[in-house]
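Here's the structure we're looking at; comments come further down.
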Amino acid sequence: MTSLINRTGSLLSWSVIEYSAKYESTKELHHIKEIIRWGVDYLLKTFNSSVDTTNNIVAEVEQGLASRGSKLNNHYSWMRPEDIDYQCWLPSVWARCSDLAAEVAAALAVASIVFKNDKVNSYKLVHGVFTLWKFASRDIKHKNVYVGQWDAASFNSTSLVDSLK
């Protein structure tokens, strides 16, 4: 989920940067910014964005395909999250997700440009960028994301090199 939101947020942010006049002419600029704000607020909750250094980032919420026999997980249940009536668990990937951290940092960075006139929000995003970038660059030796981490091993991204280009 984190990867999907950061990629979608990045794409939407770049579209606002490139085509803000089009969004403005259709009176959708405020709406698209609210969508981006929702995404970056989610991303900021995936790590401790109030500190200067972090050691983890949440990569997935709930179980994936390897559900250990349970049919109660995100891949078998097609209901709205607010209607879920079973207990979800929150696994997080510890110290082995440099590419995910770098991708989230990139999404926060481009969103900070979208919100550059909102100094408080922009600063919060930039601070998150530096926190995650330190984490990603410190842990650069782990190129295989999510290895050995619950169900997320089934959903690898391409590689750390994609995020650092």
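The values are calculated or read from the model by the stated rules, or taken from the named source; none is laboratory data. Fair warning: this is a prediction, and the values are worked out from it, not measured in the lab. Every residue, glycine among them, receives a Cβ derived from its backbone with ideal geometry; neighbour counts consider all protein chains shown.
Looking only at residues of region 112-124 that are assigned to a helix (DSSP H, G or I) and touching a Lys or Arg at 6+ places or on another chain (Cβ under 8 Å), we find that the one that is surrounded by the most Cβ atoms within 10 Å (Cβ to Cβ) is 114. Here 51, 40 are screened, and the one residue that is β-branched (Val, Ile, Thr), modelled with pLDDT of 75 or more and either in a helix (DSSP H, G or I) or touching a Gly at 6+ places or on another chain (Cβ under 8 Å) (or both) is 40.
Taking the criterion of being surrounded by 14 or more Cβ atoms within 10 Å (Cβ to Cβ), closer than 14 Å to residue 110 by Cβ and β-branched (Val, Ile, Thr), the residues of region 1-34 that qualify are 5, 8, 16, 32. Applying the criterion of being closer than 14 Å to residue 46 by Cα and not in a helix (DSSP H, G or I) to the residues of region 90-107, the residue that is modelled with the highest pLDDT is 97. Screening 57, 17, 32 for residues that are of a type in the set (Val, Ile, Thr), modelled with pLDDT of 95 or more and within 30 Å of residue 79 (Cα to Cα) leaves exactly one candidate, 32.
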